[in-house]
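Below is the structure I would like to discuss, written out as structure tokens.
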Amino acid sequence: MIPSFERETSPLTDAEKKLIPLLIKGFQNYIGKKNAIPGSMIRKKLKLKNIKISGPRLRKMINHIRTKDKSIILCSCGNGYYIASNTDEIKETIKSIQHRVNSQLEIIDALDNSLRMI
């Protein structure tokens, strides 16, 4: 869990874990970057099934699929999430995630520097 974000980053509940197969099945309709589905649309589709999920909790479930479930290779882009249709899509997602990680590390360095100046 991330301090100050416990609710959003807490481990998946049993109910959320039960939704993972439903999400994986749904992603079968979104193969390839050109067919990406936005998180907001995923949430709307779930809401039609009377399943209400917040954006952070959906991202937590997607993280679970990406790290724990090997049945699909789930990628993302500015348009949403999709199952990779080729290695270039996987490489592009890796670069995107690495860029975000590097950006977060820059923020940590800047905050550390600020802390040392106090």
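The values are calculated or read from the model by the stated rules, or taken from the named source; none is laboratory data. These figures come from a predicted structure and were not determined experimentally. Neighbour counts are summed over all protein chains in view; Cβ atoms, including those assigned to glycine, are modelled from backbone coordinates with ideal geometry. Areas reflect the complete protein model, heavy atoms only, side chains present, ligands, DNA and RNA absent. Shrake-Rupley method; radii C 1.70, N 1.55, O 1.52, S 1.80 Å.
Search segment 14-55 for residues being assigned to a loop (DSSP other than H, G, I, E, B) and among the hydrophobic types (A, V, I, L, M, F, W, C), and hand back the single one that is nearest to D88 (Cα to Cα). Explain how you work it out, then say what you get.
We begin by selecting, within segment 14-55, every residue assigned to a loop (DSSP other than H, G, I, E, B); these are 28-30, 32, 36, 38, 49-54.
Checking the rest, the ones that are also among the hydrophobic types (A, V, I, L, M, F, W, C) come to 36, 51, 53.
Numbers: A36: 15, I51: 34, I53: 31 Å.
Checking each candidate, the answer is A36.
Give S85, S96 a once-over and let me know the one that is among the polar types (S, T, N, Q), under 26 Å from G39 (Cα atoms) and more than 17 Å from the chain's Cα centre (by Cα).
Numbers: S96 fails: more than 17 Å from the chain's Cα centre (by Cα).
The match here is S85.
Checking the structure you have, find out if any residue of segment 39-46 is open to solvent by less than 60 Å² (accessible area, probe 1.4 Å) and modelled with pLDDT under 95.
No, segment 39-46 contains no residue that is open to solvent by less than 60 Å² (accessible area, probe 1.4 Å) and modelled with pLDDT under 95.
Taking the criterion of being assigned to a helix (DSSP H, G or I), in contact (Cβ under 8 Å) with a residue 24 or more places away in the chain and buried (at least 18 other Cβ atoms within 10 Å of the Cβ), would at least one residue in segment 76-84 satisfy it?
Within segment 76-84, none of the residues are assigned to a helix (DSSP H, G or I), in contact (Cβ under 8 Å) with a residue 24 or more places away in the chain and buried (at least 18 other Cβ atoms within 10 Å of the Cβ).
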